[in-house]
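Just below is one structure, and these are the notes that go with it.
The values are calculated or read from the model by the stated rules, or taken from the named source; none is laboratory data. From a predicted model like this one, the values you see are computed outputs, not experimental measurements. All Cβ positions, glycine included, derive from the backbone under ideal geometry; neighbour counts span all protein chains shown. Heavy atoms of the whole protein, side chains included, go into the accessibility calculation; ligands, DNA and RNA do not. Shrake-Rupley method; radii C 1.70, N 1.55, O 1.52, S 1.80 Å.
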Amino acid sequence: MKATVIHGPGDIRFEEVPDPRIEAPTDAVVKVHTSCICGSDLWPYRGEDAVAEPRTIGHECLGIVEEVGADVTSFAPGDFVVVPFDHCDNTCPACRLGVQSACVNYGVTRSGQAEYARVTQAEGSLVKIDGAPDADLIPALMSLSDVMATGWHAAVASGVHEGGTAVVVGDGAVGLCGVLAARELGAETIIAMSRHQPRQDLARRFGATHIVAERGREGVAAVKEILGGIGAESTLECVGNGPAFEQAFRVTRPGGTVGFVGVPHGVEAPVEVMFRKNIGLRGGVAPVRRYLPDLLDRVLSRRLDPGPIFDLTLPLDRVADGYRAMDERTAIKVLLQP
């Protein structure tokens, strides 16, 4: 099959690789219908994560079941499915606690930006859509494989609640989905920290009540001015680097909570600040399967539409152009279709 392969920093190629196959009775092979590029894919693209040897890349996809293993009984060839990026059996102790991203049989989609992908825990992971979805819903459905569920996880982890206050640090696709999640969970004041006009506009469309473009001390002062001199009850950290993590804690009120979902790079938790101000820290890898049924219902009923996070659509064989666009911040998130 043809798949996206990363050879090193800045080196993305669409080339022939072996087809995925059923390796265990819990597996399924899915023919990819739609995929996309994730902000976390940019870490190895930019050289922040080492690439020891060429490997397939891409962990988000929608698809049609091609083949299933002997233990997969709820799905059959021809089923249209959302594929959570983090695979789980959905029955182990961690899964039963709602932490499917720590499943004892954890797996990850390895070739989402390809013609086919293998799902290692298909019975517990996949979520079926009856029939073929309307074409205009595809972008929103695509977001449920990772980014919308990840933004939702940030909101849940930070304790967003009806009538509450929330600050979203990060204006990428996850951060924008975090704004949407905060709106859906009933936050009254939602502050999006963004310095880019198109992203500011989308944040407002998604429910942000305020935009703060400043960073550092100026950003903290602006947030606190909006919130009556105190920080937010809930802060969604959606970047993963040190400055964003520091910013998140500085805009959180005493007794508040930071929900972090950005893949950590150069991050240290400010334990003394957490101790003195009783600020909580929760989050991590999003347990997509936990949230997927609810989010799918919201999308199919057209109550929730994260689709606008995709501001560039390319054919799969132009995936390298998509990486360049996201790296140069000329696109928020790139949708890929065969």
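The table for this structure:
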{"read-out": "Acute angle (nearest 10 degrees) that the helix 288-300 long axis makes with the longest principal axis of the chain, alpha-carbon atoms", "value": "90 degrees"}
{"read-out": "Estimated inter-spin distance, residue 224 and residue 50, nm [label 7 Å along Cα→Cβ]", "value": "4.2 nm"}
{"read-out": "In range of the label at residue 102: residues from the stretch 145-176 whose backbone nitrogen is under 15 Å from the point 7 Å along Cα→Cβ", "value": "157"}
{"read-out": "3J(HN,Hα) from dihedral phi, the stretch 236-242, Karplus parametrisation 6.51/-1.76/1.60, rounded to Hz, x for glycine, proline", "value": "9, 8, 10, 10, x, 9, x"}
{"read-out": "For the stretch 75-88, Karplus couplings with θ = phi - 60° (6.51, -1.76, 1.60), whole Hz, Gly/Pro x", "value": "9, 9, x, x, 5, 8, 9, 8, 10, x, 5, 9, 7, 8"}
{"read-out": "Computed FRET value (nearest 0.05) for residue 71 with residue 317, which takes r as the C-beta separation and R₀ as 35 Å", "value": "0.50"}
{"read-out": "Most mobile listed residue (31, 128, 277) in the chain, GNM with C-alpha springs under 10 Å", "value": "277"}
{"read-out": "Ranked packing of 324-330, 246-252, most packed first, by mean Cβ within 10 Å", "value": "246-252, 324-330"}
{"read-out": "Average accessible surface area per residue within the chain, 1.4 Å rolling probe, Å²", "value": "42 Å²"}
{"read-out": "Carbon + sulfur, % of accessible area of the stretch 224-338 - ligands and nucleic acids excluded, 1.4 Å", "value": "48 percent"}
{"read-out": "Contact order relative to length of the stretch 157-285, as percent, for alpha carbon pairs under 8 angstrom and 6 or more apart", "value": "26 percent"}
{"read-out": "For residue 59, net neighbour charge (Lys/Arg +1, Asp/Glu -1) across residues whose Cβ lies under 10 Å away", "value": "-3"}
{"read-out": "Other-chain or far-sequence residues with amide H under 5 Å of residue 252's (modelled H)", "value": "232"}
{"read-out": "Alpha-carbon centroids, the stretch 75-126 and the stretch 42-70: separation in whole Å", "value": "14 Å"}
{"read-out": "The chain, helix-only ellipticity at 222 nm - DSSP H runs n ≥ 4, -39,500 (n - 2.57), divided by all residues, nearest 500", "value": "-8000 deg cm²/dmol"}
{"read-out": "Nonlocal amide H pairs with residue 86, under 5 Å, H built at 1.01 Å", "value": "288"}
{"read-out": "Local electrostatic count, residue 94, Cβ distance below 15 Å [Lys/Arg +1, Asp/Glu -1]", "value": "+1"}
{"read-out": "For residue 281, residues with placed amide H under 5 Å, excluding near neighbours", "value": "258"}
{"read-out": "For the chain, built as a Gaussian network whose Cα springs stay under 10 Å, the top-fluctuating residue of 59, 87, 161", "value": "161"}
{"read-out": "Calculated from backbone phi, Karplus (6.51, -1.76, 1.60) coupling profile of the stretch 323-338 in Hz, x at Gly/Pro", "value": "4, 4, 5, 6, 5, 8, 6, 8, 9, 6, 8, 9, 8, 10, 9, x"}
